[in-house]
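Just so it is clear, none of the values below were taken in a lab; they were calculated from the coordinates. Note that the structure is predicted; figures quoted are calculated from it, not measured. Here the Cβ is made from the backbone with ideal geometry for all residues, glycine too, and neighbour counts use every protein chain on show.
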Amino acid sequence: MIPMLGPTHLLFALALAYILRLPRIPMAIGGIIPDLDLLLQYGFPFVHRGIIHTPFFLTVCVVFLYLVVDNSTTFAFGAGFLSHLLLDIITPSGIPLLYPLPVYYTLNLAVYNNIFANMGIIAFSLAAILLYRSEGFQGWAHRAFSVNLEAPKEARG
């Protein structure tokens, strides 16, 4: 099984960090960390989209991080990780949602290397990042909806 393209995961996680006003670095790391299993090709569960691509592993990581770092970092990492799983579940390969059962669940919407799907997600991500970084858009959102889109200082990492 081959992953959704790496830049897609990274940019999607970053866009969500901007939209949700979460720390960007932990969100980006969470968005790409599940694909570390590409280095662990030893057989199930240590295969690509094995144990590391599960809500179970996400929970273990979040609990561990909660014990050693602050809540915003933990939440951002978890959200980035979850964004990765959501992108992978739309591919025919899916993810083992009910691990340890080796049954893969999929929405079967787009293959991992579908250029249109990847470029669409990347275009959405870049547009979201540019919009949320734009002072004009932030000013408009504040005037129209009384919403401040500027990230809190602690979330700008």
Output for segment 83-130, where each listed residue is closer than 12 Å to residue 54 by Cα, touching a residue at least 12 places away in the same chain (Cβ under 8 Å) and either loosely packed, with under 13 Cβ neighbours inside 10 Å or touching a Pro at 6+ places or on another chain (Cβ under 8 Å) (or both): 84, 85, 88, 96, 97, 99, 100, 102, 104, 105
query: Hey, any hits in segment 43-52 for a residue that's assigned to a loop (DSSP other than H, G, I, E, B) and either in contact with a strand residue (DSSP E or B) (Cβ under 9 Å, 6 or more places away or on another chain) or within 27 Å of residue 129 (Cα to Cα) (or both)?
result: yes
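Please find, within segment 95-135, the residue that is nearest to residue 80 (Cα to Cα) out of those that are of a type in the set (Ser, Thr, Tyr) and assigned to a helix (DSSP H, G or I).
Taking the candidates together, the pick is 125.
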- request: Collect the residues in segment 111-137 that are more than 17 Å from the chain's Cα centre (by Cα) and either under 27 Å from residue 59 (Cα atoms) or among the acidic types (Asp, Glu) (or both), keeping them in residue-number order.
  value: 111, 135
Test for residue 10: is it touching a Phe, Trp or Tyr at 6+ places or on another chain (Cβ under 6 Å), within 30 Å of residue 123 (Cβ to Cβ), surrounded by 17 or more Cβ atoms within 10 Å (Cβ to Cβ) and not hydroxyl-bearing (Ser, Thr, Tyr): no
query: How many of the residues making up segment 68-92 are assigned to a loop (DSSP other than H, G, I, E, B) and within 28 Å of residue 25 (Cβ to Cβ)?
result: 4
